[in-house]
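Novice: Input: one structure, supplied below.
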Amino acid sequence: MRDFSGDHRWLSINTATLRGAGTLDRIVEACARHGIRAISPWRDQVHAIGLERTAALVREHGLALSGYCRGGMFPAMDVAGRAAALDDNRRAVDEAKSLDAACLVLVVGGLPGALAGTPKSKDLFAARRDVRDGIAATLEYARSVAMPLAIEPLHPMYAADRACVNTIEQALDLCEALDPLPAVGAGAPSPALAGLGVAVDVYHVWWDPKLEAQIARAGRARLHAFHVCDWLVPTKDLLNDRGMMGDGVIEIARIRAWLEAAGFGGYSEVEIFSSENWWKRPADEVVATCIERHRSAV
């Protein structure tokens with residue numbers, strides 16, 4: 001397991017963590033002041049300043065992108081809605097490619113209309129069929145431009161409105177069905193990054209009794225991204241009250257050890273939604289705290 005105590009070269013900042021800092025250019029500047037080597041931007045933040053401006057900032061500061069957030073949201077009530085989702089996902093793939101992101105993260109969606117507060121269906125099985133079909137179609141396009149896709153399972157509390165894929169096991173079942181890997185013989189080298197893999201976010205999967213086994217099942221080829229934060233007790237808001245690493249009950253270092261034992265050697269990406277705490281603090285304080293906790297709690 002890598003030693004993070006002496007530096008933060010394997011720390012990435014998901015730009016949602018610094019939403020309180022303002023526009024993406026200000027977020028990037030804050031990261032640069034602290035020697036951050038990688039970020040993972042959100043599409044709305046990129047669109048607000050423009051893709052070309054974002055690409056220029058990334059080049060100017062020599063940043064890597066540990067991921068790009070997000071594609072997905074596939075389920076719909078009709079053919080037109082599903083087609084619109086696929087069109088948007090193709091645009092997301094193109095944006096991720098333009099920024100040279102390591103992967104496009106997929107938050108797959110739940111019941112149609114539920115995210116807006118008015119679910120139009122209760123058929124979770126139909127939603128999962130839309131997800132499977134949507135990922136299959138998006139994967140075909142993503143392969144053509146060599147952009148890996150990472151399914152991010154979300155905590156079951158989000159099954160209705162944000163993601164009906166809720167465990168690493170579910171995500172890997174989709175990966176194996178849609179993007180089977182060639183068999184590897186004894187002594188053969190590990191396969192390269194698969195076209196379809198998973199993003200392991202500790203906030204969403206820490207509770208899963210199968211987590212260690214499913215991370216091992218994923219292996220190096222399927223482990224595309226690793227997101228860190230903490231689960232506070234009590235949690236005041238299930239969406240926007242994530243904790244800074246070390247402030248909650250997740251054994252983050254143990255989970256990282258499982259990923260690294262499976263072959264993962266990428267960034268630990270800090271993704272904190274915190275409307276009443278970290279989003280209200282100065283950006284430099286947030287980044288400095290991320291660095292300190294990456295060294296001590298990740």
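Novice: Determine the gain in length on full extension of the stretch A183-A213; use 0.36 nm per residue of separation and subtract their C-alpha separation, reporting nm with one decimal.
Specialist: Separation in residues times 0.36 nm, less the Cα-Cα distance, equals 8.9 nm.
Novice: Starting from 0.36 nm per residue, how many nanometres of slack lie between V233 and T23 once their C-alpha separation is accounted for?
Specialist: Working it through step by step, the gained length comes to 72.5 nm.
Novice: So how do 80-92, 163-175 stack up, highest first, on mean other-Cβ count within 10 Å?
Specialist: Output ranking for 80-92, 163-175: 163-175, 80-92.
Novice: With the Cα gyration tensor of the chain giving a ≥ b ≥ c as the square roots of its eigenvalues, does the rule (a/c under 1.5 for rounded; else a/b larger than b/c for prolate; else oblate) give rounded, prolate or oblate?
Specialist: Note, shape of the chain comes out rounded.
Novice: In nm, give the distance between the simple-model label positions of A48 and T118, each being 7 Å from the Cα along the Cα-to-Cβ direction.
Specialist: Computed distance between label sites A48 and T118 equals 2.7 nm.
Novice: Pick out, in residue order, every one of the chymotrypsin sites (Phe, Trp or Tyr not before Pro) in the stretch 190-279 that is DSSP loop and has at most 15 other C-beta atoms within 10 Å; say none if there are none.
Specialist: Those satisfying the criteria are W207.
Novice: With each run of n ≥ 4 DSSP H residues scored as -39500 (n - 2.57), what mean residue ellipticity at 222 nm is computed for the chain after dividing by its residue count and rounding to the nearest 500 deg cm²/dmol?
Specialist: Only helices count here, giving -12500 deg cm²/dmol.
Novice: Follow-up. Give me the number: length gained by fully extending A64 to L193, i.e. 0.36 nm times residue separation minus the C-alpha to C-alpha distance, one decimal in nm.
Specialist: Extra length available between A64 and L193 comes to 44.8 nm.
Read-outs: derived from the displayed coordinates by stated rules, not from any lab. Fair warning: this is a prediction, and the values are worked out from it, not measured in the lab. Here Cβ is always computed from backbone atoms with ideal geometry, including for glycine, and neighbour counts include all displayed protein chains.
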